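Here the structure comes first, spelled out in C-alpha cells, and everything after it is commentary.
The values are calculated or read from the model by the stated rules, or taken from the named source; none is laboratory data. Given the structure is predicted, the values throughout are model-derived calculations rather than measurements. We place every Cβ from the backbone using ideal geometry, glycine too, and count neighbours over all the protein chains shown. Side chains included, ligands, DNA and RNA excluded: accessible areas come from the protein's heavy atoms. Shrake-Rupley method; radii C 1.70, N 1.55, O 1.52, S 1.80 Å.
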Amino acid sequence: MARNIHPLLEKLDKTHRLSVEEYHTLLKSCTPDLRQEAARLAVERAKAHFGNRIYIRGLMEISNICKNGCRYCGIGRQNPNCQRYRLTPEQIYRCAQEGYDLGFRTFVLQGGEDAWFTDDRLCTIIETLKSQFPDCAVTLSLGERSHESYQALYDAGADRYLLRHETADPRHYGKLHPADQSFAQRRACLEDLHRIGYQTGCGMMAGSPYQTPLHLAQDLKFIEEFSPEMCGIGPFIPHKDTVFRDEPAGTVELTTFLLSLIRIMKPGILLPATTALGSIDPNGREKGILAGANVVMPNLSPVEVREKYTLYNNKLSSGPEAAQNLMELQKRMQSIGYQVVVDRGDYQM
Ligand code: SAM
C-alpha cells in the first residue's frame, strides 16, 4: 500500500537536493510523525546500500592538549581543570594491535591541536600503522593544519580525515569560537582535504548554543554541496568548565532527524551513531542506526586516559562504547537486526 510521504522528503529522496528554505521548512515541521517517516525512508536507503552491515572504527584519543579555545569543548586551552595527557607512539601501536585483534580495520586518531604531533612524527606513526596493519584504514581527526601538512599525512598513507564544520553560518561560528578561528578557514581546510583525495568528513552538533533551525538548514545545504564521504552529527552536551555549562543539551529527536535527512540526501554516506548520542540516551546508538546511521566508533584509547578526554559532561567510554566490549555492541546491534562486520568500510559511490 502506498504511504503518504511529506512532499519535501520525497523531493529530497528523488533529487538529493533542496533549497535552504525547503530544509528550513522541514526542520520547523519536525513532528514525531515526520521524524518516523524520515527514519523509515532513511533506513530503507541505508539498507539498499549497506544491507544490515554496521562498520566499526577503533577510536584512539591521542592527546587532549589543544591550542584552540572552542567555547563548547571541555579540552579547550581555557580549561585549567583538564588533566592533560598525550599518548606515545608506542601506546598508539599497542592500541592498534589490540584493536586489530578485536576485529577493527579502521583506526581513528583523534585529538586536540597539539603541536607535539608534528608532520614528521605523525608521518612516522601513520607509516608504522600502515606497514603493521596493511589491510587497515587510518582516519585522522586532528583539526586544522596547513595544506603541506595534510598532503604529507596523505602521502604517508592516511586515508580519511574528519573535521566537523561545526556550523555553516559564519556569525554562529563566531559565537561558538574565539576570534582566532573562522568558518572561512574551516571551509578552506575541508576543501583542501577533499582536493588532496582524503575521504573527508564534516558535521555539526545538534542543539549547539545559539543554533536556530535556519542555521541547521544552512548546515544541510553545506553538506549537500560539499558532498563529504562521512558526516559526524551528535548532540551538543554542556561541559561544566565551559561558558556554555548552563546551556541545554541537544536532543535525541533532533539528532536522529538530522541523521535521517542526511541519509536521504546522500544514500551512500558513512554516518556514525556518535558517542555523544550514546551519552545522552542509553539506547542512543541504536536510535541512531534506526534513523539511518551505519557506523559506530568504540573507544580504543588506553583505559587510564579515557576519563581525561572529557569533551562534555558524562561522556561514555565504557560498556558498549569500549572497544573491548565488542560482543555487547554486537548483541545490541543484532537485537535491532544489524550485524557488526570486520571491514575497512570505505566510502563507495
Ligand atoms: N581537534 C579536532 C577537531 O577540532 O576536529 C578533533 C577533536 S574535537 C574535540 C572533536 C569534536 O568534538 C568537535 O568537532 C566537536 O563537534 C565535538 N565536541 C566538542 N565539544 C563538544 C560538546 N560539548 N558536546 C558535543 N560535542 C562536542
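Listed here are the helices (runs of 4 or more DSSP H) enclosed by the stretch 256-337 that have at least 3 residues being of a type outside the set (Phe, Trp, Tyr) and in contact (Cβ under 8 Å) with a residue 60 or more places away in the chain: 326-335.
If you go through the stretch 197-208 and pick out every residue that is open to solvent by 20 Å² or more (accessible area, probe 1.4 Å) and out of contact with any Pro (no Cβ under 9 Å at 6 or more places or on another chain), you end up with 1. Looking only at residues in the stretch 271-303 that are hydrophobic (A, V, I, L, M, F, W, C), under 14 Å from the mean Cα position of the chain (by Cα) and closer than 30 Å to Tyr85 by Cα, the one that is most open to solvent (accessible area, probe 1.4 Å) is Met297.
Kindly indicate the residue of the stretch 312-349 that is under 30 Å from Pro80 (Cα atoms) and open to solvent by less than 40 Å² (accessible area, probe 1.4 Å) and also farthest from the chain's Cα centre (by Cα) among those meeting that condition. Top of the filtered list is Gly319. Sort out which residues of the stretch 206-251 are touching a Gly at 6+ places or on another chain (Cβ under 6 Å) and aliphatic (A, V, I, L, M), and write them in order of number. Of everything in the stretch 206-251, those that are touching a Gly at 6+ places or on another chain (Cβ under 6 Å) and aliphatic (A, V, I, L, M) turn out to be Ala206, Met230, Ile233.
Conditions (1) more than 25 Å from Cys73 (Cβ to Cβ); (2) at pLDDT below 95; (3) in contact with a helix residue (DSSP H, G or I) (Cβ under 8 Å, 6 or more places away or on another chain); (4) within 15 Å of the ligand (Cβ to nearest atom), marked per residue:
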residue	(1), (2), (3), (4)
Leu142	no, no, yes, yes
Ala168	no, no, yes, yes
Leu176	no, no, no, yes
Gln185	no, no, no, yes
Pro213	no, no, yes, no
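The condition of being open to solvent by 20 Å² or more (accessible area, probe 1.4 Å) and away from the ligand (no atom under 13 Å from the Cβ) holds for only one of Pro248, Pro267, that being Pro267. The helices (runs of 4 or more DSSP H) found wholly in the stretch 153-246 and carrying at least 2 residues that are closer than 26 Å to Asp120 by Cα and not aromatic (Phe, Trp, Tyr) occupy 183-196.
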